[in-house]
Amino acid sequence: MANVDLKQLAGEIIKLKKERNAVILSHVYQRPEVQEIADFVGDSLELSRKAAGTDADVIVFCGVHFMAESAAILSPQKTVLLPEEDAGCPMADMVTAEALRARKAEVPDAVVVCYVNTSAEVKAECDIACTSANAVKVVASLPPGRPIIFVPDKNLGRYIISQTGREMMLWEGYCNTHHRLTLDDVKKVKSEHPDALLLVHPECRPEVVALADHVASTTGMLRFARECPAKEYIVATEKGILHQFKKQCPGKMFYPASDKLVCPNMKATTLEKVLRSLQTMEPRITVPGDIRERALQCLERMLAVQ
Ligand code: 13P
Ligand code: SF4
């Protein structure tokens, strides 16, 4: 779409946002033009904190379904809009509440930890949630000696085990986008940019994580690149983050670890859809009361971990 159209759409969104007393939250994987109209751009953990703390009447969540659902769990009195209703997370769909209940029945004394990339129904079955930014702290905070079931990301799970030394029973889940990145892809890009530091998201395969100069959530990567004197970085996470790297670290060079690192669900939100959602106040994300209460405990325990 031409820049002038994007500008016009952005102007209409900003105007309507004020009339509706809405706040627009955007994940760093969103399209650049969507990030630009947001009041706040961040990772999953920061966006949950913003959703819990905002005094706006309406939250427009530019991200995927589980993120908007977390906002609805944390702020039930607010209207939560997800501009593209079908923007889901394939990894979140890899664990169902039913399958998790069956697993819990096999290990009744287990503490159940879920990645925030899960449905509200799954969170309602879990003791505590985590994001990639606080996963190591969350697991390290658990009582020693208790078995731990971790769902659904096996790659993040392996990384947590390596950092905490805690045994965990993992699930066969993974992020389609990050898991697609192979060791050969990374070796190739490293050979093309031998001086660049390698930043890796823990949703990547363990053999890719093993090559990293720094492993972090999306916001953790941005912080590292802002503070580190190195001038060149290879980025092993979804390519939408490059927009923030360029904005926050002028004068430094960032190379995607592969052109495959695109999450179609994160790219499904467009400015047209954001505007339409503010005009129609749809699609609205709600969570039924009984599930919400149990999922809220799971999220609140996470937010209490410092
Ligand atoms: P973070 O926002 O925690 O870095 O997670 C990345 C992700 O894949 C979100 O869907
Ligand atoms: Fe889900 Fe991966 Fe897309 Fe994040 S990047 S929304 S984990 S599929």
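Listed values, structure above:
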read-out	value
Among A135, A268, A99: highest mean-square fluctuation, GNM of the chain, C-alpha pairs under 10 Å	A99
Label point distance in nm, K260-D55, each placed 7 Å from Cα along Cα→Cβ	4.8 nm
Convex hull (Cα only) mean projected area of the chain, reported in nm² to one decimal	15.7 nm²
Overall form of the stretch 78-207 per C-alpha gyration tensor (a/c, 1.5; a/b vs b/c)	oblate
DSSP-defined antiparallel bridges as percent of all bridges, the chain, nearest 5	5 percent
Reachable aspartates and glutamates, given that their alpha-carbon falls under 17 Å from the alpha-carbon of K187 and they are not under 8 places away in the same chain	D195, E207, D213, E232, D259
The chain: most fluctuating residue of L16, L222, L199 per GNM, C-alpha cutoff 10 Å	L16
Shape of the stretch 261-306, Cα gyration tensor, a/c cut at 1.5	oblate
Tensor-based shape of the stretch 1-158 (alpha-carbon gyration tensor, a/c under 1.5 rounded, otherwise prolate or oblate)	prolate
Members of K78/K239; K7/K190; K15/K247; K123/K154 lying beyond 26 Å, as alpha-carbon distances in this model show	K78/K239; K7/K190
Efficiency of FRET between I14 and T96 - r from beta-carbon atoms, R0 35 angstrom, step 0.05	0.35
Additional length obtainable on full extension of the chain from V107 to F40, 0.36 nm per residue less Cα span	20.1 nm
Candidates L170, L74, L25: whichever shows maximal mean-square fluctuation once the chain is modelled as a Gaussian network with Cα springs under 10 Å	L170
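Read the figures in this text as sums done on the coordinates, not as results from a lab. Not measured: the values here are computed from a predicted model. Glycine also receives a Cβ, built like all others from the backbone with ideal geometry; neighbour counts cover every protein chain displayed.
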